[in-house]
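Novice: Mind looking over this structure? Questions follow.
The values are calculated or read from the model by the stated rules, or taken from the named source; none is laboratory data. Keep in mind the model is a prediction, meaning the values are calculated, not measured. All Cβ positions, even for glycine, are placed from backbone atoms using ideal geometry, and neighbour counts span all protein chains on display. Accessible surface areas use protein heavy atoms only, side chains included; no ligands, DNA or RNA. Shrake-Rupley method; radii C 1.70, N 1.55, O 1.52, S 1.80 Å.
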Amino acid sequence: MNTVLRTRFGALALLVICAALLLAPHATQAGSRETPWWIVTPEPEVPSRQYDSILYAEIAPRLYEILNTSNRVKVDVIGQSAGGRNMFLVTVADPQALGRLGQYMAIRQTMLKDPEKAQELIDKLGDFKVPVFINASIHGDEYPGVDAALRLIETPAFEDTPEVQAILEKVILLVNVVANPDGRVLGTRSNANSFDLNRDFITQSQPETHAMVKIMTEWNPMVVLDLHGFYYPMLIEPCTPPHNPNYEYDLYIKWAYYEALAMEAELLAQTGFLAQIPFRDDDLGWDDWPPTYTPMYGMFHGGYGHTLETAYQDERGVDAHFAAVWGALKFVVVNQEAMIHDQIEIFRRGFLDLPQLLIPDELLTETQFDQYNELTVKDFPAAYILPADTQYSQHQVARLVDFLLFNDVQVEQAVQGFILDGVSYPAGSYIIWMNQPKRGLANTILEAGLDLSDISGLTFYSPPAVWSNLLLWGVHGVVVEEFFEASSVAVKAAEPPSGSLPPGEAAAYAFEPVNLQAFQAVNALLANGDVVYRAAAPFEDGGRSFGEGTLIISNDPVLASRLTNEFALQVIALQENPADLLPLHLPAIAISGDEGLAHALEVMGFDYDSLGIIELNAGAISGYDILVNSDLGWSGLATPARKSLSSFFASGGDYLGLGAAGISFAQGAGLTSAVASRGSGNAIVHLEMAQHEPLAVGFKAQEYAFVNSPVWFTALGENENVAVSYATGDFLLSGYWPGWQSSGAAGMPAVIHSHLEARDVALIGLDVTFRGHPENMFRLLGNAIFAAQE
């Protein structure tokens, strides 16, 4: 792929740039104060090979030109990408509506505060406008979406045809012009952090996702259209089963299906191109089960969400996207009042704890009917409680609560203690009542999920089949099925975690890696030149037991105060210095892995270098302390790379292998003689943590983890210890792992660890960094890196 630098500004665009100091109407900026958003320094970009696609550097000047020549347009910089490039939300509406957007947003919020009142207002007024959200090219190398988005802005901004006037009378058009600026510039599907943003909506690890979520929560758009490519003929959702049971699917499909038919008809009328609609044309295979996709996430905010996959990579793709979206806009014009009524009904059901309903039989094939009935309709619990006195990490509780609030989920906090089913819950415990407008999103974030493994014929377009921010982020939650009495108040933010430091003198101070901030603290202290130790053996102090891997600093109260004040850690005063301590150092880490691995290390404050086969063939492993690998195969390496790596390991270089690839590499390199088995599917599983093992320090005896293509060990090599095992018996909590009961994984090792002479090897058969989501298990990586320092 060639990287080119193109400048293609026309005369008018140059004049616009020269006029940059003029005050632009309806323009706001969230970027640099020194440089106006419409002035962009061109950089090397990778344009489409199929047509003359607009460059990222040309988008801002073009938007500024539109802004200054149309009174129907507002431009906002809504954030920056991972690579620091601006994201633009363009609002198109008739001039009067543009002047009172705040009022329209307030009306939208009424849907959540009082859904029944909102329905009455709509019935009474009849004259209102609804937001339609267009998300363009979240995959950067699917170019036509951005170009189509610009045409979808310009057409209603300037034209006065009857169709345009009808749309402006009914719609506020919200266009995220370039959802992935980094990918647009680099010619990649992912952003600058290598994340697929269309898989990030339940984790929200990336700044681009944050910006898109904020649009959803502020506007609650009635329609969400996500512009992608490439499938022939053009694919227009809605999807096949399985459908996420947290949707109010009967209300969604009632409009989404017929809106898809309208898009198909307009596509044919404008371009002559055909379309496929998975809900109509397929039994299974293109599902909307995971909440990780843009339209699926939008459905939890009441949106009729559609992914549009144009068939063509050239100008025909631009034409197709424009035509399909235009068909959706025309459909909204005709059906707006009834559609908004049912969108509000989604919120009303949650608000009043009303049951879900089945969709009409005539819309389903026999296969779809079976799948729909078995998976889609569910009973919601009454509440989730996050007890204040049983949390292992205050940090992760605060993280989850703030995540819920950011996603427009209502959270309350008990103002006094209460007793439920014989259990006492102290004041300060969080309660997420499920009789709230966005109960579907709340339950999606908090629930443990379903065991789908025994459902025959089930297929998913893409994993995961299960997720749980609560469990995989390391938070203790209690599911309550029946409503109960408790005095609670709504919160706007989580209580920040607080550290603790016992008064008086101490021989030394200890802290355990029970949260990610413990690793951040160690790396920050080491970078500052401070000394941090790890316990090389278990010890007892003051009647309390500490495991190998416990972190120790000297009797320096200033340093201990920094741990409590800056990192909010629970610091323990020791009466005696442990006998067996090893000083830690900042490790030189080489990695070969995906974006999840890099993200996990960054979150914990580890520096690293990414090495590929080219670098390894050149002997680049020299000078590093440890290789962390989740994707390299030993057999795929050239002879020079194998020689340099063999020399690295022979001289004491450490190895941390993740997943099937990382374990297979260790076997090929002669680092282990352990025998591993592999399953198929993805699930949340119960684990048993070996409390004496340094890799398990800071963990509870029982934990949850995510597996995707799970691995377990059936035989161990010499001097290899078990750090983590799958629980015995029914170890699978939820997910899709056909045959897990007879797999032989129950009770078997999932993580093993060995230290032979100067070399440390840890092998992890769990997916502890999957798309940056299972945060609680990031700590296994940190423990393994620290344990290797001997």
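Novice: Going by the alpha-carbon gyration tensor, a ≥ b ≥ c the square roots of its eigenvalues, is segment 221-304 rounded (a/c under 1.5) or, if a/c is not under 1.5, prolate (a/b greater than b/c) versus oblate?
Specialist: prolate
Novice: In whole percent, how big is the carbon plus sulfur part of the accessible area of the chain, probe 1.4 Å, protein atoms only?
Specialist: Using a 1.4 Å probe with all protein chains present, the chain comes out at 51 percent carbon and sulfur.
Novice: Restricting to the chain, what percent of DSSP beta bridges are antiparallel, rounded to 5?
Specialist: Around 65 percent of the beta bridges assigned by DSSP in the chain are antiparallel ones.
Novice: Scaled to the compact-protein estimate 2.2 N^0.38 Å, what is the alpha-carbon radius of gyration of segment 65-110, rounded to two decimal places?
Specialist: So the Cα radius of gyration is 1.39 times the expected 2.2 N^0.38 Å.
Novice: Using label points projected 7 Å from each Cα along Cα→Cβ, tell me how many nm separate SER545 and ASP631, to one decimal.
Specialist: In this crude spin-label approximation the distance works out to 4.1 nm.
Novice: How much of the pair distance distribution for segment 414-564 lies past 19 Å, counting alpha-carbon pairs only, in percent?
Specialist: 71
Novice: A further question follows. Binning at 10 Å from 0, report for segment 251-398 what percent of all alpha-carbon pair distances ends up in each bin.
Specialist: 9, 30, 33, 16, 9, 3, 0
Novice: Shifting gears a bit: Would you please put 501-513, 47-59 in order of how densely packed they are, using the mean number of other Cβ atoms within 10 angstrom per residue and starting with the highest?
Specialist: On the way: 501-513: 16.9, 47-59: 19.3.
My ranking of the peptides, most packed first, is 47-59, 501-513.
Novice: What residues have an amide H closer than 5 Å to that of SER734, excluding those fewer than 5 places away on the same chain, when H is modeled at 1.01 Å from N in the peptide plane?
Specialist: ILE684
Novice: Hey, another quick one. Convert each backbone phi in segment 313-325 into a coupling constant with the Karplus relation 6.51 cos²θ - 1.76 cosθ + 1.60 (shift: θ = phi - 60°), then list the ³J(HN,Hα) values in order as whole Hz, x for Gly and Pro.
Specialist: Here the 3J(HN,Hα) series is 8, 10, 4, 4, x, 5, 4, 5, 4, 4, 5, 5, 5 Hz.
Novice: Mind listing the phi-derived Karplus ³J(HN,Hα) values for segment 714-721, rounded to whole Hz, using 6.51, -1.76 and 1.60 with θ = phi - 60°, and x for any glycine or proline?
Specialist: 9, 8, 10, x, 5, 6, 9, 10
Novice: Modelling each spin label as a point 7 Å along the Cα-to-Cβ direction, I'd like the GLN165/ASP389 distance in nm, to one decimal.
Specialist: 7.0
Novice: Let's see if you can work this out: charge +1 on each Lys and Arg Cβ, -1 on each Asp and Glu Cβ, no other charges. What is the dipole magnitude of segment 100-194 about its Cα centre, in debye to the nearest 20? Kindly include the intermediate steps, with their values, before the conclusion.
Specialist: On the way: 10 positive and 14 negative charges, 70 e Å.
The dipole of segment 100-194 has a size of about 340 debye.
Novice: At a 10 angstrom cut-off on C-beta neighbours, averaged per residue, how do the peptides 74-82, 268-276 rank from highest to lowest?
Specialist: Answer by packing, highest mean first, reads 74-82, 268-276.
Novice: Just need the relative contact order of the chain here, percent rounded to a whole number, with Cα pairs under 8 Å and 6+ apart.
Specialist: Dividing the mean separation by the residue count of the chain yields 9 percent.
Novice: Same structure, new question: GLY229's amide H: which non-local residues (gap 5+, or another chain) put their own amide H closer than 5 Å, with H modeled 1.01 Å from N in plane and none for Pro or chain starts?
Specialist: For GLY229, whose amide H was placed from the backbone, the distant partners under 5 Å are THR310.
Novice: In sequence order, what are the phi-derived ³J(HN,Hα) couplings for segment 143-153 according to the Karplus relation 6.51 cos²θ - 1.76 cosθ + 1.60 with θ = phi - 60°, rounded to whole Hz, with x for glycine and proline?
Specialist: 5, x, x, 5, 5, 5, 4, 5, 5, 5, 7
Novice: Once you sort the root eigenvalues of the Cα gyration tensor of segment 454-536 as a ≥ b ≥ c, which label holds: rounded (a/c under 1.5), prolate (a/b larger than b/c) or oblate (the other case)?
Specialist: Oblate shape, in that a/c is at least 1.5 and b/c is the bigger or equal ratio.
Novice: What order do you get for 471-478, 113-120, 763-770 when each peptide is scored by the mean count of other beta carbon atoms within 10 Å, highest first?
Specialist: Most protected by this proxy first, the peptides run 763-770, 471-478, 113-120.
Novice: With +1 on each Lys and Arg Cβ and -1 on each Asp and Glu Cβ, and nothing else charged, work out how big the dipole of the chain is about its Cα centre, in Debye to the nearest 20. Walk me through the intermediate numbers first.
Specialist: Working: 41 positive and 94 negative charges, 314 e Å.
It comes to approximately 1500 debye.
Novice: Can you work out the FRET efficiency for the pair LEU358 and PHE128, with r the C-beta to C-beta distance and R0 = 41 Å, to the nearest 0.05?
Specialist: Calculated transfer efficiency: 0.85.
Novice: Need the full-extension length gain, LEU121 to ALA527, defined as separation in residues times 0.36 nm minus the C-alpha distance. One decimal, nm.
Specialist: Computed gain between LEU121 and ALA527 is 140.2 nm.
Novice: What pairs from LYS214/LYS378; LYS438/LYS492; LYS129/LYS492; LYS74/LYS492 go past 23 Å between their alpha carbons?
Specialist: Over 23 Å Cα-Cα: LYS214/LYS378; LYS129/LYS492; LYS74/LYS492.
Novice: Run the dipole for segment 158-244 about the Cα centre, Lys and Arg Cβ at +1, Asp and Glu Cβ at -1, nothing else charged, and hand back the magnitude in debye, nearest 20. Write out the running numbers ahead of the final one.
Specialist: Details: 5 positive and 11 negative charges, 64 e Å.
It works out to roughly 300 debye.
Novice: Fully extended, how many nm does the chain gain between VAL558 and PHE230 (0.36 nm per residue separation, minus their Cα-Cα distance)?
Specialist: Taking 0.36 nm per residue and subtracting the Cα distance, the gain is 112.2 nm.
Novice: Work out the P(r) tail for the chain: percent of alpha carbon pairs separated by more than 39 Å, whole number.
Specialist: When all Cα pairs of the chain are counted, 42 percent exceed 39 Å.
Novice: If you don't mind, there's one more thing I want to ask. I want to verify the translational diffusion coefficient of segment 630-748 in µm²/s; compute it with Stokes-Einstein, Rh as the Kirkwood radius over Cα pairs, at 10 °C and 1.306 mPa s.
Specialist: 102
Novice: Rounded, prolate or oblate, given the Cα gyration tensor of segment 110-196, with a/c below 1.5 counting as rounded?
Specialist: Working: a/c = 5.39, a/b = 1.68, b/c = 3.21.
The shape class here is oblate.
Novice: If I take every Cα pair under 8 Å that is 6 or more residues apart in segment 240-289, average their sequence separation and divide by the length, what percent do I get for the relative contact order?
Specialist: 69
Novice: Another one. For the chain, report the accessible area per residue in Å² (1.4 Å probe, heavy atoms, rounded to an integer). Write out the running numbers ahead of the final one.
Specialist: Working: 28980 Å² over 790 residues.
So the chain comes to 37 Å² accessible per residue, rounded to a whole number.
Novice: Okay, next question. Given Cα pairs under 8 Å that are at least 6 residues apart, what percent is the relative contact order of segment 494-604?
Specialist: Taking the mean separation of contacting Cα pairs over the length of segment 494-604, I get 40 percent.
Novice: Would you kindly calculate the mean projected area, averaged across all directions, of the convex hull enclosing the Cα atoms of segment 635-699, in square nanometres?
Specialist: With every direction weighted equally, the projected area is 6.3 nm².
Novice: Which residues' amide hydrogens lie under 5 Å from the amide hydrogen of LEU574, considering only partners 5 or more residues apart or on another chain, with H built in the peptide plane?
Specialist: Excluding prolines and chain starts, which carry no amide H, the hits are ALA507, ALA508, TYR509, ALA510.
Novice: Towards the positive end of the charge dipole of the chain, with charges on Cβ (+1 Lys, Arg; -1 Asp, Glu), say which of TYR257, PRO738, TYR104 has the farthest Cα.
Specialist: Selected residue: TYR104.
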